[in-house]
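The values are calculated or read from the model by the stated rules, or taken from the named source; none is laboratory data. Not measured: the values here are computed from a predicted model. Here Cβ is always computed from backbone atoms with ideal geometry, including for glycine, and neighbour counts include all displayed protein chains.
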């Protein structure tokens, strides 16, 4: 059965980083996946009144913003089509609309119809981060967060952040397509952040993967006073990891996310592609 992946590209207030499209196509190619690309254009309600129209010409401003959003969306879809054709990746495309505050929610709801969600990440772009958060926590699907400023290459060395928790177990299961294609797998536990269920949790996971024909190395690290998300990423990069797999801890209350330390560290400063499940 072919894997179905969906790439979400918000076009407001700024487009995603320049490498998100090519990185997503490259990942779809590695997974032999069909890629659906959805641009999310902004739809701003007309809340003008006679005074605001006279002073600001608000309706004209709204039309201009929406036109810019649609133009960016078309350019992104054209770029995806060109990359997918070059790489031989089967592609479908769609245009969605959402009010500014509902862009992430729109992406999350659409993502439920696919096996894997892909979102971009750009430094100091709060809208990009909010979209990624919403997709991770509300889509019910694993979400691959891709850097938008550099090429990610082959996701061959997979690093699993493991603490024996429910969300970590979910992430490992969701990472099966990547693990099956991995050239190396490293399981990392952090020993100074919280109490682990036992001292051999990484070794037990390695044994379970071995039964499935996947060889994995178990190791442990300490944060050294750093945020756990930063420590995990730094270690993954240090050992040549191309993909970090982890559970996303957090919840939403009235659309305000309260994130766990590891999740916060990942979404505040992404260092490499991260597959996150909740």
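In the set (1) in a loop (DSSP other than H, G, I, E, B); (2) in the same structural domain as residue 109 (by TED's automatic domain parsing); (3) touching a helix residue (DSSP H, G or I) at 6+ places or on another chain (Cβ under 7 Å), the condition left unmet by residue 134 is number (1). Within the stretch 137-159, the residues that satisfy the criterion of being out of contact with any helix residue (DSSP H, G or I) (no Cβ under 6 Å at 6 or more places or on another chain) and in a strand (DSSP E or B) are 144, 147, 157. Only residues that are buried (at least 18 other Cβ atoms within 10 Å of the Cβ), modelled with pLDDT under 95 and not in a strand (DSSP E or B) were counted in the stretch 106-124, giving 1. The sole residue among 167, 136, 159 that is buried (at least 18 other Cβ atoms within 10 Å of the Cβ) and modelled with pLDDT of 95 or more is 159. Filter the stretch 185-205 down to residues that are modelled with pLDDT under 95 and surrounded by 21 or more Cβ atoms within 10 Å (Cβ to Cβ) and give me whichever is nearest to residue 221 (Cα to Cα). If we take residues in the stretch 185-205 being modelled with pLDDT under 95 and surrounded by 21 or more Cβ atoms within 10 Å (Cβ to Cβ), then 189 is nearest to residue 221 (Cα to Cα). One residue stands out in the stretch 216-226 among those that are modelled with pLDDT under 90 and surrounded by 12 or more Cβ atoms within 10 Å (Cβ to Cβ): the one that is nearest to residue 191 (Cα to Cα), namely 223. Here the condition is being modelled with pLDDT of 90 or more and under 22 Å from the mean Cα position of the chain (by Cα); of 240, 213, 229, 208, it holds for 240 alone. In the stretch 15-42, of all residues being in contact with a helix residue (DSSP H, G or I) (Cβ under 7 Å, 6 or more places away or on another chain) and modelled with pLDDT under 95, the one that is surrounded by the fewest Cβ atoms within 10 Å (Cβ to Cβ) corresponds to 15. Restricting the stretch 1-16 to residues that are over 18 Å from residue 75 (Cα atoms) and in a strand (DSSP E or B) leaves a set whose member that is farthest from the chain's Cα centre (by Cα) is 4.
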